[in-house]
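Only one structure is covered here, and it is reproduced in the block below.
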Amino acid sequence: MKIHSAKELIVYRKAFELGKLVFELTLRFPREEVYALTSQVRRSSRSVCLNLREAWAKRRYEAHFVSKLTGCDGEVNETDSALDFALVHGYISEEQHKQATQLCCEVGRMLGSMIRDPSPFLIS
């Protein structure tokens, strides 16, 4: 099956799900975190699929594609760390943390696989 859009990728769908979940979780963060942790974790979680779309557009050039995927991986790791802070400060429950960080790990594994072998995704 030929993939025509990054939106068809499972990793994109999972990253989008992560962004939605993070937004929902941060609605309950304290007001004093609006310009700090809330903003940061929302931006990093959304950047995963935004950068994935950029990577998809650059898949004609392996180095560019892998570079953008590496950026996605950095953003998902940043999101994971921010979720750790949210847990420690009591902004999210253990269960919410587990759900979100498992999604981060899943997206990270998929991105890692694409980084290790980008050839199936490249335009020849």
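No lab work stands behind these numbers, since they all come straight from the coordinates. Just so we're clear, the structure is a prediction, and the values are computed from it rather than from any experiment. Every residue, glycine among them, receives a Cβ derived from its backbone with ideal geometry; neighbour counts consider all protein chains shown.
Placing +1 on each Lys and Arg Cβ and -1 on each Asp and Glu Cβ, with no other charges, gives the chain a dipole about its Cα centre of roughly 600 debye.
Go through the stretch 34-124 and name the chymotrypsin sites (Phe, Trp or Tyr not before Pro) that are in a DSSP coil and have 15 or fewer other Cβ atoms within 10 Å of their Cβ.
Details: sites: Tyr35, Trp56, Tyr61, Phe65, Phe85, Tyr91, Phe121; in loops: Tyr61, Tyr91.
In loop regions of the stretch 34-124 (DSSP not H, G, I, E or B), the sparsely surrounded chymotrypsin sites (Phe, Trp or Tyr not before Pro) are Tyr61.
Taking only the C-alpha atoms of the stretch 1-118, the Rg (one decimal) and the largest Cα-Cα distance, Dmax (whole number), read 14.6, 48 Å. Computed 3J(HN,Hα) for the stretch 54-70, one whole-Hz value per residue from the Karplus formula 6.51 cos²θ - 1.76 cosθ + 1.60 where θ = phi - 60°, is 4, 4, 4, 5, 9, 6, 5, 10, 3, 4, 5, 4, 5, 4, 5, 5, 5, glycine and proline marked x.
Which value in deg cm²/dmol, rounded to the nearest 500, describes the helix-derived mean residue ellipticity at 222 nm for the chain, given -39,500 (n - 2.57) per DSSP H run of n ≥ 4 and division by the residue count?
Numbers: 4 runs with 86 residues, N = 124.
Roughly -24000 deg cm²/dmol at 222 nm, from the helical runs in the chain.
For the stretch 81-110, no residue has its backbone nitrogen under 16 Å from a point 7 Å from the Cα of Val34, taken along Cα to Cβ. Within the straight-line cut-off of under 22 Å between alpha carbons, the lysines reachable from Lys98 are Lys14, Lys20, sequence neighbours fewer than 8 places apart in one chain being disregarded.
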